[in-house]
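Some notes on the structure that comes next.
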Amino acid sequence: MNHPHVETESILRRALEQSGQRYTEQRAAVFRFLRSTEAHPTADEVFLSVRADVPGISLATVYKSLETLVGCGLASKLTYGDGSARYDGRTDDHHHLRCLDCGKVLDLVDHVDADEVHRLEASARGFRVTGYRLELTGYCANCDRAGGAPPA
């Protein structure tokens, strides 16, 4: 039976090698953190967590490591109109819920029916769909207190 840490390192080494990138302990620490959390952290949040394991790591190195992981297909970058970004260690097809107040992003447990996606694609009229991202927006339980969130 493989140890999860060894398996994670093997996945990282293989993906980096295939992308012409080199393995570094900083990249490994960022990757391990993304794989260990269900949160969708910002680069600052990754930095604060990873520096406990790699005390000398800089915020710039965390940003570069995250972008390298995204480029290798080991993470996803969730960007928003306000320029903010969060990172997701899950690369399988899944969807998100995003709080409009605190910015928290959660994974949506249910999946969208493939027939519905094909129906939407058929209505795209002259637009070649190559993928999609579904995000439901609203207010998380902490932010949706009485009077805390504006009415829908």
Worksheet item: Which of (1) crowded, with 16+ Cβ neighbours inside 10 Å; (2) aromatic (Phe, Trp, Tyr); (3) outside any helix (DSSP H, G or I) does Tyr23 not meet, given it meets every other one?
Response: (1)
Worksheet item: So which of Asp44, Asp107 is of a type in the set (Asp, Glu) and either at pLDDT below 90 or in the same structural domain as Thr137 (by TED's automatic domain parsing) (or both)?
Response: Asp107
Response to the item:
Reported set for the range 68-88 where residues are small (Gly, Ala, Ser), surrounded by 17 or more Cβ atoms within 10 Å (Cβ to Cβ) and either over 13 Å from Ala43 (Cα atoms) or not assigned by TED's automatic domain parsing to the domain that holds His40 (or both) is none
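Within the range 106-129, identify whether any single residue is in contact with a Gly (Cβ under 9 Å, 6 or more places away or on another chain) and farther than 17 Å from Ala39 by Cα, and answer yes or no. Outline the logic, then answer.
Narrowing the range 106-129 to residues in contact with a Gly (Cβ under 9 Å, 6 or more places away or on another chain): none.
There is no residue in the range 106-129 that is in contact with a Gly (Cβ under 9 Å, 6 or more places away or on another chain) and farther than 17 Å from Ala39 by Cα.
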Worksheet item: Can you name every residue in the range 94-141 that is touching a strand residue (DSSP E or B) at 6+ places or on another chain (Cβ under 6 Å) and over 20 Å from Lys77 (Cα atoms)?
Response: Tyr139, Cys140
Discussion item. Looking at the structure I just gave you, is Val105 among the hydrophobic types (A, V, I, L, M, F, W, C) and in contact with a helix residue (DSSP H, G or I) (Cβ under 7 Å, 6 or more places away or on another chain)?
Written reply: no
Practice prompt. Looking only at the range 103-113, decide whether some residue is out of contact with any Phe, Trp or Tyr (no Cβ under 9 Å at 6 or more places or on another chain), among the aliphatic types (A, V, I, L, M) and over 30 Å from Leu12 (Cβ atoms).
Written response: no
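Restricting to the range 92-149, give me the number of residues that are aliphatic (A, V, I, L, M) and either within 14 Å of His40 (Cβ to Cβ) or surrounded by 10 or more Cβ atoms within 10 Å (Cβ to Cβ) (or both).
12
The values are calculated or read from the model by the stated rules, or taken from the named source; none is laboratory data. Note that the structure is predicted; figures quoted are calculated from it, not measured. Neighbour counts are summed over all protein chains in view; Cβ atoms, including those assigned to glycine, are modelled from backbone coordinates with ideal geometry.
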